[in-house]
1. Which ones in segment 22-45 are without any contact (Cβ under 8 Å) to a residue 40 or more places away in the chain and under 22 Å from Pro132 (Cα atoms)?
2. Residues that are of a type in the set (Ser, Thr, Tyr): which helices (runs of 4 or more DSSP H) entirely in segment 284-369 hold 3 or more of them?
3. In the set Ala80, Ala16, which member is assigned to a helix (DSSP H, G or I), in the same structural domain as Leu171 (by TED's automatic domain parsing), within 16 Å of His94 (Cβ to Cβ) and modelled with pLDDT of 95 or more?
4. Which residues, taken from segment 56-67, are part of a loop (DSSP other than H, G, I, E, B) and more than 16 Å from Gly45 (Cα to Cα)?
5. Could you look through segment 295-341, keep only residues that are in contact with a His (Cβ under 9 Å, 6 or more places away or on another chain) and small (Gly, Ala, Ser), and pick out the one that is farthest from Ala278 (Cα to Cα)?
6. Does segment 60-71 contain any residue that is assigned by TED's automatic domain parsing to the domain that holds Ala174, crowded, with 22+ Cβ neighbours inside 10 Å and of a type outside the set (Lys, Arg)?
7. Show me the strands (runs of 3 or more DSSP E) found entirely inside segment 90-139 where at least 2 residues are within 28 Å of Glu3 (Cβ to Cβ).
8. Of the residues Ala106, Ala100, only one is within 17 Å of Ala174 (Cα to Cα), touching a helix residue (DSSP H, G or I) at 6+ places or on another chain (Cβ under 8 Å) and aliphatic (A, V, I, L, M); which?
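The values are calculated or read from the model by the stated rules, or taken from the named source; none is laboratory data. Everything numeric in this text was worked out from a predicted model, so none of it was measured. Methodologically, a virtual Cβ is constructed for each residue, glycine included, from the backbone with ideal geometry; neighbour enumeration extends over all protein chains shown.
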Amino acid sequence: MKERDAKELVVRAGIALVQSGLIARTWGNVSCRVDGDIFVITPSGRNYLSLTPEDIVPVRIADLGYEGSMKPSSEKGIHAEVYRLFPEINFAIHTHQEYASAVSAAGLDLMPLSDKTESFFEKILCARYALPGTKSLRRNVAEALRKSTSNAVILKHHGALCYGKDYDTALKTAFELETLCRDFVEKPARANQCKPLGSKKRDKARPQPGGSEHDIHQDQTGSDERDTYQSRGNPFAYALKQAVLEKKGGFVLFNHDPEVVRYSHLTRPLHPFLDDFAQIIGTKAKVAENDNKSILNGLQHGSAVFIRNCGAVCWGKNERDAEAVSMILRKNCRAYFTAALFAKPKPINGFESALMRLVYLKKYSKLAE
């Protein structure tokens with residue numbers, strides 16, 4: 001394939017994945033093989049909707065070398081493994097899509113499949129965890145790829161890697177994977193196979209999700225809706241928002257998603273079950289009492305804090321960052337409850353979480369800006 005054609009396909013795929021919701025902001029990466037020696041891949045920390053073919057970076061399969069000032073994705077190594085191991089594969093997509101990410105946190109070594117399709121057969125393997133962008137992650141993914149009978153592997157506590165013989169097949173694989181993972185998660189939940197969360201005493205007394213005396217609704221638009229909050233009969237929400245803005249500045253969103261409300265009934269902090277939570281929110285999100293002082297104290301430790309029995313407050317330097325925090329918090333809550341379906345939920349190691357947070361604050365967030 002001509003290099004220019006490969007770059008145009010990568011740009012096209014990035015737009016399609018963002019519009020579908022499988023990729024958000026700069027998270028994930030897309031690549032296309034040019035020949036036996038070279039593939040092209042999305043750059044690091046760039047918005048997919050703004051990319052042009054000139055922004056897509058050629059990378060050597062053998063040594064990950066590249067030319068020029070544009071830095072390729074930090075996950076170029078796992079793409080190289082796909083092209084190295086499968087000569088017939090010409091397109092690869094790495095995503096942090098929601099249900100595949102939820103399965104990645106469940107502690108499973110594989111996800112069994114009942115039906116065979118063009119891209120999936122018998123099972124989907126889960127690659128062992130390692131920090132993102134590392135040689136260890138590349139080795140773990142290569143190990144799973146060698147054993148895989150499907151055109152996707154799940155990366156534990158991270159996301160998914162999908163691939164195919166061409167653009168259309170790889171994209172179809174990514175969408176199909178999300179459907180398979182959603183069905184896998186929802187069937188045992190519907191069958192009531194989830195173990196009780198927390199102590200029996202606390203679970204028995206736990207209020208049902210859906211609101212409280214100070215019901216906080218998610219700001220869907222992200223705009224400063226002072227009058228709207230007051231007209232909903234909820235002056236507490238407005239007062240809290242003003243207190244956060246006075247203390248930290250930036251932008252505030254209230255997340256009332258069912259998964260987030262569900263977690264707010266628990267007492268323990270939520271720790272990272274996914275890499276992007278550690279990077280963008282922090283090493284934990286506390287469950288605070290329903291008062292400004294407790295909530296502000298919780299925000300000292302990260303970008304989100306739960307309000308007991310209500311939902312969560314999500315903070316960012318701007319509207320876009322706050323929306324990202326809100327989305328990742330919901331996704332991590334889903335990952336937690338998915339893990340609880342199969343075993344005792346086990347978060348990412350605390351040291352590794354802190355390291356990812358530090359690297360993100362010092363390096364990646366500035367690159368994304």
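1. Val40, Ile41, Thr42, Pro43
2. 319-342
3. Criteria check complete, one pass: Ala80.
4. Result: Ile61, Ala62, Asp63, Leu64, Gly65, Tyr66, Glu67.
5. Within segment 295-341, the match that is farthest from Ala278 (Cα to Cα) is Gly311.
6. Scanning segment 60-71, I find no residue that is assigned by TED's automatic domain parsing to the domain that holds Ala174, crowded, with 22+ Cβ neighbours inside 10 Å and of a type outside the set (Lys, Arg), so the answer is no.
7. In segment 90-139, 91-95 are the strands (runs of 3 or more DSSP E) which contain 2 or more residues that are within 28 Å of Glu3 (Cβ to Cβ).
8. Matching residue, one of Ala106, Ala100: Ala100.
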